[in-house]
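Notes follow once the structure below has been shown.
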Amino acid sequence: MKTIPPVDLVRQHKPISEEIETAILDVIRSGRYIGGQPVAEFEEQFGQFVGSQYCIGCNSGTDALLLALRALNIGPGDEVITTPFTFIATAEMVTLTGAKPVFIDIDRATFNFDLDRLEAAITPQTKAIIPVHLFGQPVNMTRLREIAQKYNLYVIEDCAQATGAMWDGEQVGNIGYIGCFSFFPTKNLGTCGDGGAVTTNDPAIADLMRTIKEHGSRQRYYHDLVGINSRLDTIHAAILQVKLRYLENWNQQRREVAQRYHELLEPIPGIQLPQEVTGGYHVWNQYTILVEDSSNGSENKRDRLRQELQERGIMSMIYYPIPLHLQKVYQDLGYQAGVFPVTEKAAQEVLSLPMFPDLTFEEQQDVAYALKDCLS
Ligand SMILES: Cc1ncc(COP(=O)(O)O)c(C=O)c1O
């Protein structure tokens, strides 16, 4: 049986394998594996792509968030507002600084946090807001910026799933104070391992983030503050330099794949399709549908559908089955089940279909056919 995977990196790399392999070999042959020209060049090129004056490579999207929070001096006693419907790293890094993550419910149409609920969550302790451009869909940054300015709050953008996305023509990561990016392999710009970057236009914050990621050191063996070791490895920078050249094209292909899904799946009852919000340029890291379910706790319709699709060779994913406010690790924050009904319902109903730039029309037809068959 032919299977359709959720992502296919082998397929993505095939047409550019020579370029990637040459870049890797060049690094190996250079004998220089930490820092060096590929890292400096990639930081320059990625900063230019995002439109930010400063770009600093680091080990992961997780570290990018930590560097941003640390540079803004966020810590014990501070609150940071974010979404409960995201990968754990977003809130986890807030907790790691000693600050408290504060969640607000999401908007069912976008899966991003609901800006109508933002002001009510702001307290005198609030120091920053972390919008997460989930699945590649940018948050309404015009509105978010207005609220942040009104209350004098920092905005740290979690762009892990949205490299290349835009709000009102501006690249995400260059709209808030700091942009945090992940180059995890399945991201829109992914390397062959872990990687990340932060972007900003503030020279002092850029200097702090660079210093923190190098053990708090500006000059070798002289340490000004407590930092970490967070490097974008030379090999990854070299790979990313190659892949950055294809990013816009891949994002355009993802948009075409999404458009074809919209057309193929439109007539299927029982599911809700994701939409692109006016003003945003969605880059479709995921194409996530909602499998409407009113069964109230008996067998989960989405889980059954996922199983049936798998039996037909269609692999799908669930991002995320348990919202952050209900995770064991966050029990002490005191959120009860039912506080964020939109998020909790989404967690029961979301299903991410195969999505990658070179998914073929035939494969998408197979997905649509299997979905129709399972739901009829
Ligand atoms: C929204 C979001 N934030 C942060 C991260 C963390 O990125 P990384 O895996 O590179 O540490 C991820 C990765 O999945 C993510 O999806």
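Can you say whether GLY176 is in contact with a helix residue (DSSP H, G or I) (Cβ under 9 Å, 6 or more places away or on another chain), crowded, with 24+ Cβ neighbours inside 10 Å and free of Cβ contacts under 8 Å to residues at least 60 places away in the same chain, as far as the supplied structure shows?
Working: in contact with a helix residue (DSSP H, G or I) (Cβ under 9 Å, 6 or more places away or on another chain): yes; crowded, with 24+ Cβ neighbours inside 10 Å: yes; free of Cβ contacts under 8 Å to residues at least 60 places away in the same chain: yes.
In short, yes.
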If we keep just the residues of segment 33-49 that are in contact (Cβ under 8 Å) with a residue 12 or more places away in the chain and aliphatic (A, V, I, L, M), which is nearest to the ligand (Cβ to nearest atom)? VAL39
Which of the numbered conditions does THR186 fail, given that it passes all the others? Conditions: (1) more than 30 Å from LYS301 (Cβ to Cβ); (2) of a type in the set (S, T, N, Q); (3) under 19 Å from the mean Cα position of the chain (by Cα). (1)
Give, as residue ranges, the strands (runs of 3 or more DSSP E) completely inside segment 79-177 that count at least 1 residues that are among the charged types (D, E, K, R), more than 16 Å from the ligand (Cβ to nearest atom) and in contact with a strand residue (DSSP E or B) (Cβ under 7 Å, 6 or more places away or on another chain). 79-82, 100-103, 126-129
Taking segment 50-65 only, how many residues are open to solvent by 40 Å² or more (accessible area, probe 1.4 Å) and either away from the ligand (no atom under 16 Å from the Cβ) or among the acidic types (Asp, Glu) (or both)? 3
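Among the residues of segment 274-283, are any buried (at least 19 other Cβ atoms within 10 Å of the Cβ) and within 30 Å of LEU25 (Cβ to Cβ)?
Taking segment 274-283 and keeping what is buried (at least 19 other Cβ atoms within 10 Å of the Cβ), we get 274, 280-283.
Filter once more, so that each one left must be within 30 Å of LEU25 (Cβ to Cβ): none.
No, because not a single residue in segment 274-283 is buried (at least 19 other Cβ atoms within 10 Å of the Cβ) and within 30 Å of LEU25 (Cβ to Cβ).
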Checking HIS236 against (1) in contact (Cβ under 8 Å) with a residue 40 or more places away in the chain; (2) in contact with a helix residue (DSSP H, G or I) (Cβ under 7 Å, 6 or more places away or on another chain), the condition it does not meet: (2)
Segment 301-327, residues that are within 24 Å of GLU266 (Cβ to Cβ) and outside any helix (DSSP H, G or I): ARG312, GLY313, ILE314, MET315, SER316, MET317, ILE318, TYR319
Within segment 187-219, considering residues that are assigned to a strand (DSSP E or B) and open to solvent by 10 Å² or more (accessible area, probe 1.4 Å), the one farthest from the ligand (Cβ to nearest atom): GLN219
In this structure, does ALA258 turn out to be in contact with a strand residue (DSSP E or B) (Cβ under 6 Å, 6 or more places away or on another chain), more than 15 Å from the ligand (Cβ to nearest atom) and assigned to a helix (DSSP H, G or I)? yes
Is there a residue being open to solvent by 60 Å² or more (accessible area, probe 1.4 Å) and either at pLDDT below 95 or part of a helix (DSSP H, G or I) (or both) anywhere in segment 221-244? no
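The values are calculated or read from the model by the stated rules, or taken from the named source; none is laboratory data. The structure presented is a predicted model; accordingly, all values stated were derived computationally and were not measured. Cβ coordinates were reconstructed from backbone atoms using ideal geometry, including for glycine residues, and neighbour counts include every protein chain displayed. Only protein heavy atoms, including side chains, enter the accessible area calculation; ligands, DNA and RNA are left aside. Shrake-Rupley method; radii C 1.70, N 1.55, O 1.52, S 1.80 Å.
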